[in-house]
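What follows is one structure encoded as structure tokens, with my remarks underneath.
The values are calculated or read from the model by the stated rules, or taken from the named source; none is laboratory data. Since the structure is predicted, the reported quantities are computational estimates derived from the model, not experimental observations. Positions of Cβ are generated from backbone atoms using ideal geometry, with glycine treated the same way; all protein chains shown enter the neighbour counts.
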Amino acid sequence: MLDVKKILARSWNILWNYRILWVFGFMLALATGSGGGGGNSGGYSGREEGAHFQTWSGLEKLQGATPRQVFDELLRLAGEALRQLQAQYPVEFQMGLAAIVFALIVFSLFGLALTVLRYVAETAVIRMVDEYEQSETKVGFWQGWRYGWSRTAWRVFLVDVVVNLPALLLVLVILLVIWWIFSAALSGVRASLVTALIGGIGLVFVTVIVLVVILALLRVLGYLAWRFIVLEQQSTLDSLRSAFELAKRQWKNVGLMWLVMIGVSIAWALAFFILIWPLLAVSILTAVAGFLTALFPALLTAGAAALFSAPDYWPWIFAAITAAPIFFTIAFAPIFLVSGWFYIYQSSVWTLTYRELKVLEGR
């Protein structure tokens, strides 16, 4: 039987004695806990002459239409509205479109960088903790980075993709339910709409409950598979197969650790809720550093936008898009740092659990 208390205590010891891991924990927290996206909305009051759109009167045609006819009509109306916007506000339309494209590029590149950081850091932490447990050897950041920057991190990523595939089922069910309700609404039969609403909501609820359980179990298999990949250099499919076989043989120990970590996660969430307030206060200071750091690339972007004839305030919108990822990364660095402690602790627990399970099996 696993010595859960020993594993938890040892993981705690590793967290506080191997502090270079905090850097990789910061990367994990930044990559898994941050999101990028922005948008601004604007409206026209309708008081300006010509600012209203007669196009939307075409919605009256949708009553009693088939879903395909509705879709075609909505596309037509959207195209007509965009054409009227372009005709009435040509400069704003062009600049707004350019800003959207620029934001998509910037945030996509930032998201790609975060994804790479996450799996490099995950791989590095597993290897570093295992090495430390074997020989008390501590390595520096660059050696840890070399552990993570490898094909192994790619296989870790592929396991994560496979583990999260069932989530696509939820998306499919939600889309089907929306289509069901939409079709029932267009039919004009009230009973059909009520049936679709009740049945659709019930179907989504049941699907969510089932998938939460399935994804939780697959997540545990993923944790074990990652260690088969990093520590035994197995392929993606072989690691999943080995993880499943190990979990099947040691289901009591694996299940026990899973339940324990759920409790640890809840305790951490409560502790973090208390810590978040002083961390936000510290973030006021780091926000100044974030502003100063983001200022130079923002000014460069504004200058480049001005060279390309972006009028009025538009260069500063492009500048803000460039500055946003830099600013928020630095401004909320204290929160990411403390969040990273949990990721390091959780990874250490599963690495030590993996090692203990192999010992119990005599391998």
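Below is a table of values for the structure above.
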| quantity | calculated |
| --- | --- |
| Meets criteria (among the hydrophobic types (A, V, I, L, M, F, W, C), in contact (Cβ under 8 Å) with a residue 12 or more places away in the chain, touching a helix residue (DSSP H, G or I) at 6+ places or on another chain (Cβ under 9 Å) and surrounded by fewer than 20 Cβ atoms within 10 Å (Cβ to Cβ)) for Leu352 | no |
| Subset of region 306-326 [under 22 Å from the mean Cα position of the chain (by Cα) and touching a residue at least 60 places away in the same chain (Cβ under 8 Å)] | Ile321, Thr322, Ala324, Pro325 |
| Residue match in region 173-189 (condition: in a loop (DSSP other than H, G, I, E, B) and closer than 24 Å to Ser348 by Cβ) | no |
| Members of region 251-288 found to be loosely packed, with under 15 Cβ neighbours inside 10 Å, over 25 Å from the mean Cα position of the chain (by Cα) and over 11 Å from Pro334 (Cβ atoms), listed by number | Trp251, Lys252, Gly255, Val288 |
| Index of the failed condition, Val359 passing every other in (1) among the β-branched types (Val, Ile, Thr); (2) in contact with a helix residue (DSSP H, G or I) (Cβ under 8 Å, 6 or more places away or on another chain); (3) farther than 19 Å from Ala294 by Cβ | (2) |
| Extreme residue, nearest to the chain's Cα centre (by Cα), among residues of region 76-90 that are under 22 Å from Pro311 (Cβ atoms) and surrounded by fewer than 12 Cβ atoms within 10 Å (Cβ to Cβ) | Pro90 |
| Close pairs (8 angstrom Cβ cut-off, 6 or more residues apart or separate chains): over 22 Å from Val230 (Cβ atoms) and crowded, with 19+ Cβ neighbours inside 10 Å in region 107-120, of a type in the set (Gly, Ala, Ser) and modelled with pLDDT of 95 or more anywhere | none |
| Index of the failed condition, Gly35 passing every other in (1) loosely packed, with under 13 Cβ neighbours inside 10 Å; (2) assigned to a loop (DSSP other than H, G, I, E, B); (3) modelled with pLDDT under 70; (4) more than 23 Å from the chain's Cα centre (by Cα) | (4) |
| Answer from Glu136, Glu131 - the residue that is without any contact (Cβ under 8 Å) to a residue 24 or more places away in the chain, closer than 14 Å to Leu231 by Cβ, acidic (Asp, Glu) and surrounded by fewer than 19 Cβ atoms within 10 Å (Cβ to Cβ) | Glu131 |
| Single unsatisfied condition, Gly362 versus (1) more than 22 Å from the chain's Cα centre (by Cα); (2) assigned to a helix (DSSP H, G or I); (3) within 28 Å of Glu133 (Cα to Cα) | (2) |
| Qualifying residue in region 198-219 (condition: among the aromatic types (Phe, Trp, Tyr) and closer than 24 Å to Arg127 by Cα) | no |
